[in-house]
Amino acid sequence: MKNLKELTMLYIDFDKVYTEEYLSLFSGYFKKVYFASSGDDGYRIYNEKKPQIIVVEPLVSSGLSLIKKVREEDSEVDLLALTEYSSTEILREMIDLHFLSYLVKPVGVERLESTFLKLSNRVSRRGRVQLDLYFQWDTRSKTLLYKDGIIALTKRESKLFNLLVTKKGNFCSDNDIFFYVWSDDFNKSISNSSIRTLIKNLRRKLPKSLIENKYGLGYRIIA
């Protein structure tokens, strides 16, 4: 389960009896564990940190509203329910929202180990692309990460970066970039200078060596 150490978790719970215990336990498995005591606070942290796993008490204030909003934006984030109350109605909602597991407190270490092993197996089938200089590209959320932080990209910068990553070190021509990045706006007049400006703006947020260009070939990312 070493691959879990590369991931971050958001834990949302209002139950002070268990919070400290589980925070300490989760910290032993994941790279970073963020905590929120309400769904609204959790949604703010989710947008800022983009964790790969969310553990939530379904009965927390605005908890289900949070998960529904997250699911609308991200179909692949892994969800775990951790609750003191077993409810058929809530369980049905968890199934509809594609939760990985529904755990009833108190949860023993053995049961958590089993759940995290299942999670680890899922993670091993998909993950982040490790780039040079401590940068990572999250293929699910289309987010550029640097160490513990997020590099904010515009919509077109994000599309361009995703194209470069998916090319796996092969060069992308101007035509490749135009058809991928501006696919939603073919009516707009796009010149080579538009592409150069986009590349220039993206490079301002990155080390210069991360994106290479060669005359006649185009651009590629160093992975």
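Quick look at the values:
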{"quantity": "Residue check, ILE45 of a type in the set (A, V, I, L, M, F, W, C), assigned by TED's automatic domain parsing to the domain that holds ASP15, within 28 Å of ASN121 (Cβ to Cβ) and buried (at least 22 other Cβ atoms within 10 Å of the Cβ)", "calculated": "no"}
{"quantity": "Scope the range 23-35; condition at pLDDT below 95 and either among the β-branched types (Val, Ile, Thr) or not in a loop (DSSP other than H, G, I, E, B) (or both); matching residues", "calculated": "LEU23, SER24, LEU25, PHE26, SER27, LYS32"}
{"quantity": "Residues satisfying the stated conditions in the range 197-220, i.e. in contact (Cβ under 8 Å) with a residue 12 or more places away in the chain and either part of a loop (DSSP other than H, G, I, E, B) or of a type in the set (Ser, Thr, Tyr) (or both)", "calculated": "LYS205, LEU206, PRO207, SER209, LEU217, TYR219"}
{"quantity": "Residue count, the range 164-198 (criterion: surrounded by 15 or more Cβ atoms within 10 Å (Cβ to Cβ) and touching a strand residue (DSSP E or B) at 6+ places or on another chain (Cβ under 6 Å))", "calculated": "4"}
{"quantity": "When residues of the range 5-42 are limited to those that are buried (at least 19 other Cβ atoms within 10 Å of the Cβ) and of a type in the set (A, V, I, L, M), the one farthest from ILE151 (Cα to Cα)", "calculated": "ILE12"}
{"quantity": "Unique residue being of a type in the set (A, V, I, L, M) and under 16 Å from LEU79 (Cα atoms) when the list is VAL56, VAL17", "calculated": "VAL56"}
{"quantity": "Residue in the range 56-66 that is part of a helix (DSSP H, G or I) and touching a Leu at 6+ places or on another chain (Cβ under 9 Å) present", "calculated": "yes"}
{"quantity": "Near pairs, Cβ below 6 angstrom, 6+ apart or cross-chain, from the range 64-88 (outside the structural domain of PHE99 (by TED's automatic domain parsing) and modelled with pLDDT of 90 or more) to any residue that is part of a loop (DSSP other than H, G, I, E, B) and not aromatic (Phe, Trp, Tyr)", "calculated": "none"}
{"quantity": "Pick from the range 108-141, criterion modelled with pLDDT of 85 or more and touching a helix residue (DSSP H, G or I) at 6+ places or on another chain (Cβ under 8 Å), ranking: farthest from TYR29 (Cα to Cα)", "calculated": "LEU131"}
{"quantity": "Single condition LYS118 does not satisfy, out of (1) in contact (Cβ under 8 Å) with a residue 40 or more places away in the chain; (2) closer than 30 Å to THR83 by Cβ", "calculated": "(1)"}
{"quantity": "Residue among LEU119, LEU145 that is assigned by TED's automatic domain parsing to the domain that holds LEU82 and surrounded by 15 or more Cβ atoms within 10 Å (Cβ to Cβ)", "calculated": "LEU119"}
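Results for (1) in a helix (DSSP H, G or I); (2) of a type outside the set (A, V, I, L, M, F, W, C); (3) without any contact (Cβ under 8 Å) to a residue 60 or more places away in the chain; (4) within 30 Å of LEU79 (Cα to Cα), shown as yes or no for each residue.
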{"site": "GLY169", "(1), (2), (3), (4)": "no, yes, yes, no"}
{"site": "TYR180", "(1), (2), (3), (4)": "yes, yes, yes, no"}
{"site": "ILE190", "(1), (2), (3), (4)": "no, no, yes, no"}
{"site": "ILE195", "(1), (2), (3), (4)": "yes, no, yes, no"}
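The rows are residues; the columns are (1) of a type in the set (A, V, I, L, M, F, W, C); (2) in a strand (DSSP E or B).
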| position | (1), (2) |
| --- | --- |
| GLU93 | no, no |
| VAL107 | yes, no |
| ARG122 | no, no |
| LEU133 | yes, no |
| TRP137 | yes, yes |
| ARG140 | no, no |
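The values are calculated or read from the model by the stated rules, or taken from the named source; none is laboratory data. Note that the structure is predicted; figures quoted are calculated from it, not measured. Every residue, glycine as well, gets a Cβ built from its backbone with ideal geometry; the counts of neighbours run over all protein chains shown.
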